[in-house]
Each structure stands twice: as C-alpha cells, then as structure tokens.
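Structure, as structure tokens:
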Amino acid sequence: MVLLRSLRWFFLLFTFGQLNEQYVRATWPLLNCSAIKLLGLFPDSVNTSERSELVIHSSAMFKAAVILSQQYNITIDEQFIGWEAVQTDGKAINAVSSTCHAISTSNIVGIVGPVLSRESPIIASFGERVGIPVISFGATDPDLSDRNAYPVFYRTVPSDYAAASAIVQLFIRFNWTSCTIIYQSDAYGSGGLKVLTQAFIDNDVIVATT
C-alpha cells in the first residue's frame, strides 16, 4: 500500500514537472534579436512547400544552438548572436547568391552549411575571401580537408576517408577480393569514388568496374 502511494506521488510530480517544462521551454529567437548573425544554408527548394527531414532537423538544431548561446551569455562585441537562414535548392550558384545577399544586408560573422559537397567548395572559397568561417554539417568531400585550399572551412562530419576505411576493413574481414562500385554522378559521388578506389588499391582489392 505504501509503495502504491509512493508511486502515485512520483507520477504526479513527474506530470507536473513535464507540464512546467513545456511552459518554460524557450522559443525560437527572432530574426531581429541581434545585429550580429550566423547564416544558415539549407538545401530545400524555395519553390516547394514540402521540407525534407534533413532540413527540418538541421534548421531546428541551428536555431537551438543560437538559443543556447544566448542562454549561456555567449556574445560577440557584447551582443547576443542572432541568426538568418536561406534555402539554396542544393545548387552552388544559389548558395553563393543567397550568401552574398545576406552578407550585404546583415552583419554575418559565420556560415553554418552548406550540407552538400557540391555547394561547399565555392562557399568555402567565398568565406576565405571575405574572412568568414564556414562550418558544414553534411559535406563529406575529402578535398575539403585540404587546409591550404580551404583554410576557413570546417565540418562536423568526417570525410569520405572514414567511410572508405570502414568498407575496406569489411572486405578484409570477409576475404573479399574484388568489387563493382556504383556511385551517384556528382561531387559527393565522385569524391567518394576516388577515395574508395584508392583505399581498395592500397589493400589489394580489385575494382572490376565502376
């Protein structure tokens, strides 16, 4: 009986705790909350109403990071960090155009994105030219690891070298000696093909066809 009563009290405390959490949960920061901003580049098309899960999740994390920076009093020149987000349609030219417009109209101090490897080289080069760091959360092209070519580019995901190494270890584990590589015809696919082919050659695995 005592145990049952304790469980009831625990359930009530947990329920009120959850309700209280809902009321104190922070809302997304406003676009005009600060003159100093991070620019987020996301790949969804501006001509569609559907948003992919990737964009929904990544943009939510982007805004959540801004909220956390404000809650922990992280400032630049004694100002909180704001945000601005644009959609690039997954095209490098759109990414550059949107970035140029944002930088010309706002005080952008950093770029988060783009997610795609085909967009990243030109944005990384642009960031170097204007002195703004670029941090991608999805670009895996190994060439982007070249610090001489892309000194202001960073990423939160490993390059294709890590995936290639894991695949080679799988071949070694099962004594597979040849393969056919199927890849998508863009910067992401060709970059992965180059790294994986070299990894196979270094470990005496025959690439029959691609």
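Since every read-out is calculated from the coordinates, none of them should be taken as a lab result. The structure displayed is predicted, hence computed values, not measured ones. Using ideal geometry, Cβ is built from the backbone for each residue, glycine included, and neighbour counts are taken over all protein chains shown.
Residues that are surrounded by fewer than 18 Cβ atoms within 10 Å (Cβ to Cβ), β-branched (Val, Ile, Thr) and assigned to a helix (DSSP H, G or I) were ranked within segment 104-140; the one that is farthest from the chain's Cα centre (by Cα) is THR105.
Among the residues of segment 74-85, is there at least one that is in a strand (DSSP E or B), of a type in the set (A, V, I, L, M, F, W, C) and out of contact with any Gly (no Cβ under 9 Å at 6 or more places or on another chain)?
There is at least one residue in segment 74-85 that is in a strand (DSSP E or B), of a type in the set (A, V, I, L, M, F, W, C) and out of contact with any Gly (no Cβ under 9 Å at 6 or more places or on another chain).
Read through the list (1) surrounded by fewer than 20 Cβ atoms within 10 Å (Cβ to Cβ); (2) outside any helix (DSSP H, G or I); (3) of a type in the set (Gly, Ala, Ser), then give the number of the only condition that SER97 fails. So SER97 meets the others, but not (2).
Total residues in segment 52-75 satisfying the condition of being exposed (fewer than 14 other Cβ atoms within 10 Å of the Cβ) and closer than 22 Å to HIS101 by Cβ: the figure is 0.
Of the residues THR140, THR88, which single one is under 28 Å from SER165 (Cβ atoms) and in contact with an Asp or Glu (Cβ under 7 Å, 6 or more places away or on another chain)? Exactly one residue qualifies, and that residue is THR140.
Among the residues of segment 141-195, those that are outside any loop (DSSP other than H, G, I, E, B), among the aromatic types (Phe, Trp, Tyr) and more than 20 Å from ILE111 (Cβ to Cβ) comprise TYR161, PHE171. Across segment 198-210, not a single residue is classified as touching a Gly at 6+ places or on another chain (Cβ under 9 Å) and among the β-branched types (Val, Ile, Thr).
Within segment 168-185, is even one residue within 16 Å of LEU144 (Cα to Cα), of a type outside the set (A, V, I, L, M, F, W, C) and in contact (Cβ under 8 Å) with a residue 12 or more places away in the chain? If you could, list the steps in order and put the result at the bottom.
First, pick out the residues of segment 168-185 that are within 16 Å of LEU144 (Cα to Cα): none.
Scanning segment 168-185 turns up no residue that is within 16 Å of LEU144 (Cα to Cα), of a type outside the set (A, V, I, L, M, F, W, C) and in contact (Cβ under 8 Å) with a residue 12 or more places away in the chain.
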